[in-house]
Amino acid sequence: MSSALVVVDLQNDFCPGGSLAVKDGHEIVEGINAIRDSSEFSHVIFTRDWHPEDHVSFARNHPNHPEFSKKMVNGLPHTLWPAHCEEGTVGASFHKDLDVRDSDFVYNKGTSKDWEEYSAFGNSEMGKFTTFAEELRSRGISKLYICGLATDYCVCETAIDGADQGFSVVLLEDLTVRTCNMETFAC
């Protein structure tokens, strides 16, 4: 079995200047580029949010509900976000300095308008799963080294779901960025 570097959502909308920017999110690009050719990884995988314009998580699709407000959606509490990473837009593109090659595997997530997918594996709370686990297994991958944006959302959910799906998971903490200081602010 082999291992993969999984870079989660290092997209323009999550970097400074983006619609849902993670402070200092761009600062991990150089470190990720530096390790991607390590013999430790037989595969390099990039996940990306790839939302339709009418995505359920966008506040603009919920009249009278401002950005960052909470709302019950599909029976579960959700944060309503600014529109971000809409398929085919500059905001959905990977950061310009990120070394993404034709031989890398790019996996789109959040493609259904009806539910949120922080994890590349799907939305386990709703019992909605993607084909990500199958894609990994078809490549003989059993160990995941996960990094990217943001630690407290998509990176964390992907790591947890990866372990739940039976993969060995290593979180590359130095190559992730949180959306907030978890010690001083409860997200």
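The values are calculated or read from the model by the stated rules, or taken from the named source; none is laboratory data. Please read all numbers here as calculations on a predicted model, not as lab measurements. Counting neighbours? That spans all protein chains shown, and the Cβs are built from the backbone with ideal geometry, glycine included. Remember, those area values only see protein heavy atoms, side chains included, never the ligands or the DNA or RNA. Shrake-Rupley method; radii C 1.70, N 1.55, O 1.52, S 1.80 Å.
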Going through the stretch 63-76 in order, the residues found to be within 23 Å of SER124 (Cβ to Cβ), touching a Leu at 6+ places or on another chain (Cβ under 9 Å) and of a type outside the set (D, E, K, R) are VAL73
Just one listed residue, out of VAL7, VAL29, VAL44, is open to solvent by less than 10 Å² (accessible area, probe 1.4 Å), within 21 Å of ALA120 (Cα to Cα), touching a Leu at 6+ places or on another chain (Cβ under 6 Å) and modelled with pLDDT of 95 or more, and it is VAL29
Considering the stretch 92-134, residues that are open to solvent by less than 60 Å² (accessible area, probe 1.4 Å) and without any contact (Cβ under 8 Å) to a residue 12 or more places away in the chain, and then whichever is nearest to the chain's Cα centre (by Cα), we arrive at ASN123
Filtering the stretch 142-153 for residues that are more than 19 Å from ASP9 (Cβ to Cβ) and either open to solvent by less than 50 Å² (accessible area, probe 1.4 Å) or aliphatic (A, V, I, L, M) (or both) leaves a count of 1
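Can you say whether THR158 is surrounded by 14 or more Cβ atoms within 10 Å (Cβ to Cβ) and under 25 Å from HIS43 (Cα atoms), as far as the supplied structure shows? Before the answer, list the steps.
Numbers: surrounded by 14 or more Cβ atoms within 10 Å (Cβ to Cβ): yes; under 25 Å from HIS43 (Cα atoms): yes.
When the stated conditions are applied, THR158 passes them.
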So, first residue closer than 24 Å to LYS128 by Cβ and in a helix (DSSP H, G or I) in the stretch 162-181, second residue of a type in the set (A, V, I, L, M, F, W, C) and open to solvent by less than 60 Å² (accessible area, probe 1.4 Å), Cβ within less than 6 Å, six or more apart or across chains; the pairs are GLY162/LEU144; GLY162/VAL169; ALA163/VAL169
